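Trainee: Supplied in structure tokens, the structure appears directly below.
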Amino acid sequence: MTNPPVVVERRIGQRFAFNLPVSLRDVATSAEGLGFTQDLGSRGAFLFTDMALREGAEVELTLKMPSEITLGQNMRVRCRGHVLRIIKPADLTKSSETLTKSSETKIGVAVCLKGYEYLPETEDGSAEFRRISALHSPCQEERPTAPVSGSPRVAAH
């Protein structure tokens, strides 16, 4: 009888398995893309995307953070962090047998979150994430807005 290998957890915070849509922005190049999370915690995330990223890149993620992480209600947040590692699709299929078809062509990205800010809710639920298109100029409501007074902010860790 063989024992399963011992796995040492290196994460500081708990991770939750959430498959959530996320918009990404590379801070240095202003390139934008879309993806979805595999797991998420208050200090990090693992996500899949088609966006070209590099290890060490500073990124912003915008998503609706679930109540299990906020310890309150679901909230739209913009997280800032850096890319810890990139996993190519070929490496993903070797390391995991439970991947979905949609994740097989995307890269896996591990992100360490340094800080985040709460965003005001949008009036139109279908416009939860701003459009990412070079064909359209941003409309007034899609431009960055100043934080609402009294809105809690979490400082960088």
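The values are calculated or read from the model by the stated rules, or taken from the named source; none is laboratory data. This one's a predicted model, so the numbers in the text were calculated from it and none came from an experiment. Because the Cβ atoms are built from the backbone with ideal geometry, glycine has one as well, and the counts that use them run over all protein chains shown. Ligands, DNA and RNA are stripped out before the accessible areas are found, and what is left, the full protein with its side chains, is counted by its heavy atoms. Shrake-Rupley method; radii C 1.70, N 1.55, O 1.52, S 1.80 Å.
Trainee: Restricting to strands (runs of 3 or more DSSP E) lying wholly in the range 17-72: which have 1 or more residues that are closer than 15 Å to R85 by Cβ? Before you say what the answer is, go through the steps one by one.
Mentor: Details: elements: 21-26, 32-40, 44-49, 58-65.
Correct list: 32-40, 44-49, 58-65.
Trainee: Let me ask something additional. Within the range 20-38, how many residues are open to solvent by less than 30 Å² (accessible area, probe 1.4 Å) and closer than 19 Å to R76 by Cβ?
Mentor: Here the count works out to 6.
Trainee: Right, another one. Go through the range 76-93 and give me each residue that's of a type in the set (A, V, I, L, M) and at pLDDT 90 or above. Don't jump to the end; show me each part of the working.
Mentor: Of all residues in the range 76-93, those of a type in the set (A, V, I, L, M) come to 77, 83-84, 86-87, 90, 92.
V77, V83, L84, I86, I87 - these are the residues of the range 76-93 that are of a type in the set (A, V, I, L, M) and at pLDDT 90 or above.
Trainee: Exactly one condition in (1) modelled with pLDDT under 75; (2) surrounded by fewer than 13 Cβ atoms within 10 Å (Cβ to Cβ) is false for R54; which is it?
Mentor: Every listed condition holds for R54 apart from (1).
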